[in-house]
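The structure appears below as structure tokens.
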Amino acid sequence: MNELGMHDDVVLDLEGEERKVISEFCHHLEKSKQLFNGLRDMPQYGHKQWQGYFGRTFDIYTKLWKFQQQHRAILDRKYGLKRWQIGEIASKIGQLYYHYYLRTSETNYLNEAFSFYAAIRGRAYYSRTTREERSQHERSDLIVKKLRYYARFIVVCLLLKKMKLVRDLVRELSKHIDEYTATYEPDDQMEWSLVLAEIRSFIEADTVVNVLDSDSNSIVLSHRLNPLITPPVERSPIMTLSLQEVIIVGNVTDQIKFSELTLDMFRMLQTLEREPQDEMAQVYDCSPAPGRIPVENGMLTRRENPHKYLLYKPTLPQLFVFLASGYKELPPNGALLLYISADGFFPIRPQPEETGYDLGGVLMLPKHDVEPPGNKSMGHVKEHCCLYPGDLFPFTRRPTFLIVDSDNSLAFSSIPHHFDMPLVVLMSPQSVPSTFQDHAHKGSLFTLFLHSPLSAFCFVTNIVDIPLNLWDKCLAYIDRFISEASRLISRCRGVDPSYLNFLGDDFLRLLMCRYIFCDVVLRIHRSFKGSQFYPKTHPALPDLDILENPTLQRYVLDLASQLDVRPVFFQCGEID
């Protein structure tokens, strides 16, 4: 026996067991890195291509996380496992859940991502990064990992509307960036300063109106779909479609953005999601653990939300690939929504008889990179980076709901029904009055109406602060308007059947009713006098029965009276 009273063969057995633990940990760690890195090469479009790969990646990270928990003592003592390395594993799991949310649109996976990111911060996994590595280069790399973690955590918190935490994280990120740049004078100093500036601008711009509690503190409100704001509908057999695929395109030059999300994209993606369930209990557990594996037996879990693709400044070929994939994935009775927020491209000589390509379209690259139309052979050559209405004609073989938010939205007002499939186009006003133009970089007014109609109403009536009790009263007026608009669409004989086909879907019904609210508000607003300030639809909605309906106008004027802004609007008899 040795001096500790242990037989040599027992010691050897212990050492062998420890080596086995370390070997297995290293195997899981290497395999997880390979699978994680491989996700970058997986196509973002389609479901089947990446679904199984995600399942395998989740599986190995689940094993890795549980293994390091079970064998922490050996890994600490014999492998030298550092806290930042545990943080890296947790961060990777958080990223997996976030990207799974992006690919499935299921908001509950945001909660899963949040739980891991919150645990990293709560347990200070990155707090000793500068002391745990010897070389300056290694310490610098670890700090960059920490900064990236903060940026990702902020995005998740923004999407979950945890604004108090967002502001805390921004303060911490700013402090870490200052320390990083002061210590290492890195080459990416300007990049991190820009990230910080983008976050701050984004937070400020997204606050259109301050809803205040009794202590004058701002209340954070969510604008996702929930049962309280879902418009009622008188169902009929023609209401056969459900929204299954969504493509959200953001391509406006100079619009405030963060992490490849413009404000318009950020607002629209929330509008097309249901309010997530509260599954936050595990955040406060002693140790987080990967929740349910999202892929079960190779099949996606049941979806509550339409599947979305978020495309920030895509090229035209990229957009066409995602469009084709989205239509391919549509089940029977499924519909696709294409939302485009982009700068308009105007032809030098518009020819109304050729609506497919001669009325211009929207740009898929920055406006300042486009050659002026005058240089293109007297205007006969088409801009190759412009999405024209004619480019979408082949895709109207399936039910399509199109929203175009652009200063050339009207180019899409004559898309033909070549294939006799349901087709609705909602188009933004081509302009806003000069008093509102300074706010263009803070997101489009039209998209704001579709996202939060009461916020948009406050914006066009110059209301900056509103007490919570008054906000709730005003929501009741909005709800009455939306309910009546839904009833009018379903009953009005002059409404094109395409609207009725889409009316059975909660998301599309809400968008149509909010569009009508936007149209009615702007028509009777004194500052928006002129057709260029009004939105348009294709096929056209009946003016007399819906857009100029006295009941709908009265609801808007009652709302204005409630907010003490009645003089901003015309009397019903004054409207041309």
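A few notes on this one:
- Using Cβ point charges alone (K and R +1, D and E -1), the dipole size of the chain about the Cα centre works out to roughly 520 debye.
- When Rg and Dmax of the Cα atoms in Å is calculated for this entry, the matching label among (1) 30.5, 106; (2) 22.9, 71; (3) 27.1, 105 is (3).
- Per DSSP, loop trypsin sites (Lys or Arg not before Pro) in the stretch 497-576 with at most 11 further Cβ within 10 Å: Arg526
- Sparsely packed loop sites in the stretch 379-482 (the chymotrypsin sites (Phe, Trp or Tyr not before Pro) outside DSSP H, G, I, E and B with at most 16 other Cβ atoms within 10 Å) comprise Phe419.
- If you plug the beta carbon distance of His417 and Ser222 into 1/(1 + (r/R0)^6) with R0 = 45 Å, you get a FRET efficiency near 0.75.
- Shape of the stretch 47-200 from the C-alpha gyration tensor: oblate (a/c of 1.5 or more and a/b not above b/c, with a ≥ b ≥ c the square roots of its eigenvalues).
- In order along the stretch 384-395, the phi-based Karplus estimate (6.51 cos²θ - 1.76 cosθ + 1.60, θ = phi - 60°) of 3J(HN,Hα) comes to 6, 9, 9, 8, 8, x, x, 5, 8, 3, x, 7 Hz; Gly and Pro are listed as x.
- Lys145-Arg77 FRET efficiency (beta carbon distance; Förster radius 35 Å; 0.05 resolution): 0.90
- Separation of alpha-carbon centers, the stretch 230-281 and the stretch 392-457, rounded to whole Å: 14
- Taking amide H positions as modeled 1.01 Å from N, with prolines and chain starts lacking one, the residues under 5 Å from Lys308 and 5 or more places away or on another chain are Ser105, Val246.
- Residues whose placed amide H lies under 5 Å from that of Ile403, excluding near-sequence neighbours: Leu338, Tyr339, Ile340, Leu426
- Projecting label points 7 angstrom from Cα along Cα→Cβ for Glu17 and Glu304 puts them 4.5 nm apart.
- Entries of Lys382/Lys442; Lys31/Lys146; Lys257/Lys313; Lys308/Lys328; Lys161/Lys313; Lys161/Lys257 with Cα pairs more than 20 Å apart: Lys382/Lys442; Lys31/Lys146; Lys161/Lys313
- Tensor-based shape of the stretch 453-500 (alpha-carbon gyration tensor, a/c under 1.5 rounded, otherwise prolate or oblate): prolate
- Value of [θ]222 nm, deg cm²/dmol, for the chain, DSSP H segments ≥ 4, -39500 (n - 2.57) each, nearest 500: -15000 deg cm²/dmol
- The stretch 460-576 - percent of accessible surface contributed by carbon and sulfur, probe 1.4 Å: 49
- The calculated FRET efficiency for the pair Asn210 and Asp254, based on their C-beta separation and a Förster distance of 25 Å, comes to about 0.50.
- Positive-end extreme of charge dipole, the chain - chosen from Ala151, Ser201, Gly504 (charges on Cβ): Gly504
- 19 Å cut-off, amide nitrogen to a point 7 angstrom out along Arg123 Cα→Cβ, residues in the stretch 35-76: 58-76
- The antiparallel fraction among DSSP beta bridges confined to the chain stands at about 30%.
- Taking amide H atoms as placed 1.01 Å from N in the peptide plane, the amide H of Phe345 lies under 5 Å from those of Gly361, Val362, Leu363, each 5 or more residues away in sequence or on another chain.
- Relative contact order [Cα under 8 Å, 6+ residues apart], the stretch 173-263, whole percent: 30
- Whole-Å distance, taken between Cα centres, linking the stretch 141-210 and the stretch 304-365: 32
- Note: relative contact order over the chain, using C-alpha pairs below 8 Å and six or more positions apart, is 14 percent.
- Spin-label model, Glu354/Gln49: points 7 Å from Cα along the beta carbon direction are separated by 3.4 nm.
- Accessible surface calculations at 1.4 Å, restricted to protein heavy atoms, place the chain at 45 Å² per residue.
The values are calculated or read from the model by the stated rules, or taken from the named source; none is laboratory data. Remember, predicted model here, so these are calculated numbers, not experimental data. Quick reminder, even Gly has a Cβ in these numbers, built from the backbone with ideal geometry, and neighbours come from all protein chains shown. Each accessible area value is taken on the protein alone, full model and side chains, heavy atoms only, with ligands, DNA and RNA left out. Shrake-Rupley method; radii C 1.70, N 1.55, O 1.52, S 1.80 Å.
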